[in-house]
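Report on the following structure.
Quick note: the coordinates plus some simple rules give every number you see, no bench work behind them. None of the values given here were measured: they were computed from a predicted structure. Every residue, glycine as well, gets a Cβ built from its backbone with ideal geometry; the counts of neighbours run over all protein chains shown.
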């Protein structure tokens, strides 16, 4: 019987306030000097498991707040013997600054984060101004940031918060959603949503050159 995984985890809970300890990257990646892509809220890691195979000259890092999903993703990574992929358990909102350095990543994806529909819970949503500021620091100039959601309200809120930061420039006019995913892989949620004939709201930002 599979392990039951909670669909929603409160990131403001005290147990998720400790920062993730940065690992020894040279021990994790076979080629640590390769460009690094960060997937925030990676779930079971299907997107990165595919990307790591399709783009062996890039390194990929997934961060997820639900431990059983990270354990599953790591097992699958090991089965595929992927030396350019790693997954970490923890809260990215308290960890990004300590986890990666300034201008150390070339791309970021935030895909289908928990929507937290109730108004009193919306402070738990992942994309907060503090996270956007940290992303502006750790992304290389001209680095790309993709957001995706199947909830229009959430997609608009993510777009607006990122667009408010002067370091990010949208690649199209505001809320002009991308018709297709610019990456050659998709999350389980994206595949399921599209299979049901439902819309996915996507937007791509670029880190400006200072």
Practice problem: Report the Stokes-Einstein translational diffusion coefficient (µm² s⁻¹, integer) for the chain, Rh taken as the Kirkwood radius over Cα pairs, at 10 °C with viscosity 1.306 mPa s. | Solution: 91 µm²/s
Self-check item: DSSP beta bridges in the chain [antiparallel fraction, %, rounded to 5]
Solution: 30 percent
Quiz prompt | residue 102 versus residue 175: modelled label distance in nm, points set 7 Å from Cα along the beta carbon direction | solution = 3.6 nm
Quiz item: If you take the beta carbon distance between residue 54 and residue 194 as r and set R0 to 25 Å, what does 1/(1 + (r/R0)^6) give as a FRET efficiency, to the nearest 0.05?
Solution: 0.85
Quiz item: So how far apart, in nm, are the two label points at residue 67 and residue 30 if each is 7 Å from Cα heading toward Cβ?
Solution: 3.1 nm
Practice problem: Provide the FRET efficiency to the nearest 0.05 for the residue 163-residue 80 pair, computing r from the beta carbons and using R0 = 45 Å. | Solution: 0.75
